[in-house]
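So the structure is just underneath, and the comments pick up after that.
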Amino acid sequence: MDKIIIQPQDFDLTTEVNLTKGDDSDIGAVVSFVGTVRDLDNESITKMTLEHYPQMTEKALVSIANQAHQRWQLGNITIIHRIGDLSVNDQIVLVITTSKHRKSAFESCEFIMDYLKTQAPFWKKEHTEDSSKWVESKTTDEDQSDSWD
C-alpha cells in the first residue's frame, strides 16, 4: 500500500524503508531519495519556508504515484514531503520505491522526484540574512520532467 504524507515533522529513513518494503518476499529492490535544504551558491540560507495547497497537493502526489505504477511494475511507494520552516541540512522530501527489479525501482524514483519538482503545488521561500524570496521553477526541472513524455 502506498504512503503519501505531507507533514511538518521530520522522518526517519530506515523506519520508512522498512515500512515501505514490508514483508513482501517478491521485492528485490528498494530505492530511496532524500532531498535536503542546502545553502545557495553565493550566500547562506537562514531558513526555508515550504507552503502548499492541502487538498490539491495530496491529489497531485497520489496522481504522480499512480502514474509511476502505470509505467513500472512496482510494489509500494512512499512519498513524504515536509512543510513549514526548515533549516540548512534538514530533510525536505523522501521518495521510496520498491520493485522486483532495480531498474524499475531506480527509474520510478527518479520519475516521481522529477514530477514532484514540477507538478506538485509546493512553494519554497528562501530566507537569508538580507532578504527573502520565493523560489521560481527552473527550466532544467521542467526539461527533466518533460523527458518522461
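Computed from the coordinates by the stated procedures, all read-outs in this text should not be read as laboratory data. Quick caveat: nothing in here was measured; it's all calculated off a predicted structure. We place every Cβ from the backbone using ideal geometry, glycine too, and count neighbours over all the protein chains shown.
Summary table
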{"item": "Theoretical gain in end-to-end length, Thr118 to Gln73 [0.36 nm per residue, Cα-Cα removed]", "result": "13.9 nm"}
{"item": "Dimensions (Å) - segment 3-131, Cα atoms, principal axes, largest first", "result": "52, 28, 24"}
{"item": "Segment 2-54: trypsin sites (Lys or Arg not before Pro) falling in loop per DSSP and having at most 13 other Cβ within 10 Å", "result": "Arg38"}
{"item": "Cβ charges +1 (Lys, Arg) and -1 (Asp, Glu), total dipole of the chain, debye", "result": "440 debye"}
{"item": "Potential extension, Asp12-Thr46 segment - 0.36 nm per residue separation minus Cα distance", "result": "9.9 nm"}
{"item": "Taking Met113, Met48, Met56 and counting other C-beta atoms within 10 Å, the order from fewest to most", "result": "Met56, Met113, Met48"}
{"item": "Selected from Ser108, Ser131, Ser87 as most flexible by GNM, with the chain as the system and alpha-carbon contacts under 10 Å", "result": "Ser131"}
{"item": "Fewest-first sequence of Thr140, Thr98, Thr46, Thr57 by Cβ atoms within 10 Å of each Cβ", "result": "Thr140, Thr46, Thr57, Thr98"}
{"item": "Percent RCO, i.e. relative contact order, over segment 45-94, from Cα pairs under 8 Å lying at least 6 residues apart", "result": "54 percent"}
{"item": "Normalised contact order of segment 1-147, rounded percent, pairs of Cα under 8 Å and 6 or more residues apart", "result": "33 percent"}
